[in-house]
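Colleague: Here you go, one structure.
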Amino acid sequence: MKHFHAKKRFSQNFLKGKGIVKKIVDCADIDNETVIEIGAGKGTLTKLISAHAKMVYAVELDRELISTLEGLDLSNVKVVNKDFLRLDLRDFGKPVIVGNIPYSITTQIIEKLAQQKRAFKRAVLTVQKEYGARLLAKTGSAKYGSITLFTDYHFQVKKKFAIPARFFSPQPKVSSLVIRLTGRAKPFYPKDEKAFFEMIKGIFCYRRKYMKNALMNYLHNVPQGLDSVLLQKRPGDLTLHDYYTVYCKL
C-alpha cells in the first residue's frame, strides 16, 4: 500500500489512530453479531470489528484495495467487491452496519438504510460534521431541513463523538462526526411516502418565505383548511407532524 493514492471519485479518506477506531467499534456495541462494513478501505476498522463480530462483510468498491483486505487473513471476514448501494441487506441476516462512509453519497446511503431499515439492527456511521449537524438539527435552527425530517421519520439519531480532520489520510478540510441510527416506528403513514418527502423538499426551496408564500411558489395554491398560524411560519419552523398536516390537506 506504500504507493497507493486515494481516489477522489471514491471520496477516500482513510481513518488512522487506534483510539478513534476503538471508539467507533465501541459505539456499535458489537456482540458476536454479523457486521457489514461500508467502505472497508485498507482494513483499519475491519480488523477491530472482526475481534468482536461473528462475521464481517467488508464491502469495498475500489478493486485496488481488495488484495489488501484479503491479505488481512481473518477467518471471519469476507471481502465483498461491490457498491454498498446495490446490496440487498436482507441477504445478510439482520446485520449491524458500520462505516466511514464516502461524504459524496451520504444522502444516498441514508436513503438506502431507510428503505431497508427492517433488514439491519443499527448503523454507526462516520459522516461529515456539517452533515451530521443537519441530521441532528432542531426545528427552527439554520441547519434544519428536509434531510433532518426524512431521517427523523425513519430513525432515532444519536450523536456519539467528533473526529478532527487530522485523524484521516488524506486529511480533509472538515471534521467528521460519528452518529448512530436505530430504526423507529413510523409516526404516521402518508398515502404516498415518496410524494410526502418530495413536497417537504420542494417547500424548503423557499425556506426564507412564510409558508403561505412558499406554498404558492411550490404548489401554485394554498390548500384549504390550514391554520393561519402555521401559514405565518417559515418552512424551517414546521415540525414533521406539521408537514403531515399540510400533506393531508392537499
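Colleague: Please work out if V79 is farther than 26 Å from Q171 by Cβ and either in the same structural domain as A162 (by TED's automatic domain parsing) or among the hydroxyl-bearing types (S, T, Y) (or both).
Modeller: Working: farther than 26 Å from Q171 by Cβ: yes; either in the same structural domain as A162 (by TED's automatic domain parsing) or among the hydroxyl-bearing types (S, T, Y) (or both): yes.
Spelling it out, V79 is indeed farther than 26 Å from Q171 by Cβ and either in the same structural domain as A162 (by TED's automatic domain parsing) or among the hydroxyl-bearing types (S, T, Y) (or both).
Colleague: So, L149, is that one assigned to a helix (DSSP H, G or I), modelled with pLDDT of 95 or more, buried (at least 20 other Cβ atoms within 10 Å of the Cβ) and of a type in the set (A, V, I, L, M) or not? Give the derivation first.
Modeller: On the way: assigned to a helix (DSSP H, G or I): yes; modelled with pLDDT of 95 or more: yes; buried (at least 20 other Cβ atoms within 10 Å of the Cβ): yes; of a type in the set (A, V, I, L, M): yes.
The answer is yes for L149.
Colleague: Kindly indicate whether any position in segment 200-217 is closer than 19 Å to A114 by Cβ and of a type in the set (A, V, I, L, M, F, W, C).
Modeller: Yes, there is a match, as at least one residue in segment 200-217 is closer than 19 Å to A114 by Cβ and of a type in the set (A, V, I, L, M, F, W, C).
Colleague: Kindly indicate the residue of segment 72-99 that is without any contact (Cβ under 8 Å) to a residue 12 or more places away in the chain and part of a loop (DSSP other than H, G, I, E, B) and also nearest to Q116 (Cα to Cα) among those meeting that condition. Full working, then the answer.
Modeller: Residues of segment 72-99 without any contact (Cβ under 8 Å) to a residue 12 or more places away in the chain: 73, 75, 86, 91.
Within this subset, residues satisfying the condition of being part of a loop (DSSP other than H, G, I, E, B) are 73, 75.
Details: D73: 30, S75: 28 Å.
Filtering first and then ranking leaves S75.
Colleague: Right, another one. Does K159 qualify as being basic (K, R) and within 18 Å of E37 (Cα to Cα)? Spell out the reasoning first.
Modeller: Values: basic (K, R): yes; within 18 Å of E37 (Cα to Cα): no.
When the stated conditions are applied, K159 does not pass them.
Colleague: Let me ask you something else. Does segment 200-226 hold any residues that are over 23 Å from F150 (Cα atoms) and touching a residue at least 12 places away in the same chain (Cβ under 8 Å), and which are they?
Modeller: Q224, G225
Colleague: It is to be established whether one or more residues within segment 132-143 are in contact (Cβ under 8 Å) with a residue 12 or more places away in the chain, within 22 Å of D83 (Cβ to Cβ), in the same structural domain as V21 (by TED's automatic domain parsing) and surrounded by 13 or more Cβ atoms within 10 Å (Cβ to Cβ).
Modeller: No, the conditions are met nowhere in segment 132-143.
Colleague: Separate question: From the set of residues in segment 152-180 that are among the charged types (D, E, K, R) and at pLDDT below 95, which is surrounded by the fewest Cβ atoms within 10 Å (Cβ to Cβ)?
Modeller: Residue satisfying both the conditions and the ranking: K173.
The values are calculated or read from the model by the stated rules, or taken from the named source; none is laboratory data. Here the structure is a predicted model, which is why all the values come from computation and not from measurement. Cβ coordinates were reconstructed from backbone atoms using ideal geometry, including for glycine residues, and neighbour counts include every protein chain displayed.
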